[in-house]
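J.: Quick one: this structure, given as structure tokens, is what I'll be asking you about.
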Amino acid sequence: MSEQNTPNIAPPVALWPAVDELWSRLEATRRHAGPEGVLLRILKLSEEVGEVAQAVIGATGQNPRKGVTHTWEDVQGELCDVAITALVALRTLTPDAEGVFARHLTRVTERPLGPAAP
């Protein structure tokens, strides 16, 4: 394939350095410090989840007054926002967010999918 036909695909971004960068930028500009700031950062997740719901409703046309207002690509983007917001909130709680997440992911992936066999 020639270079002219190659789509412009951005190189992958390293997840945890990106989370640290976003966390640093938010820390530098936040208005509320201490426990209040932590709680507000965690509450941001609720806002993002609401945006996922809004996008799903819009993609399926479930609001008859508005019709179809979103695409499934919009839903994908909103889900990414939820994941990013959750990881930044985790980083707000601990500088070892990567380790905490890795350990938790290991536990979750090792869980059986159904009831334990007798």
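The numbers here are math on the coordinates, done by the rules we state, and not lab data. Because the structure is a prediction, the values reported are computed rather than measured. Positions of Cβ are backbone-derived with ideal geometry, glycine not excepted, and every protein chain shown enters the neighbour counts.
J.: Give me the percent relative contact order of segment 35-109, please, defined on Cα pairs under 8 angstrom at least 6 residues apart.
T.: On the way: 53 pairs, mean separation 22.8, N = 75.
About 30 percent, as a whole number.
J.: Right, next: Taking the dipole about the Cα centre of the chain, with the C-beta of Lys and Arg at +1 and of Asp and Glu at -1, give me whichever of Gly67, Leu40, Leu87 is farthest to the positive side.
T.: After comparing all options, I get Leu40.
J.: May I pose another question? Under the rule of -39500 (n - 2.57) per DSSP H run of 4 or more residues, summed and divided by the residues of the chain, what mean residue ellipticity at 222 nm is obtained, to the nearest 500 deg cm²/dmol?
T.: For the chain, the value works out to -22500 deg cm²/dmol.
J.: I've got another one for you. Report the extension gain between Gln62 and Val13 in nm, rounded to one decimal, defined as 0.36 nm multiplied by the number of residues separating them, less their alpha carbon distance.
T.: Values: separation 49, 0.36 × 49 = 17.64 nm, distance 3.49 nm.
Contour length minus Cα-Cα distance gives 14.1 nm.
J.: I would also like to ask the following. Please report Rg (one decimal) and Dmax (integer) in Å for the Cα set of the chain.
T.: 18.9, 60
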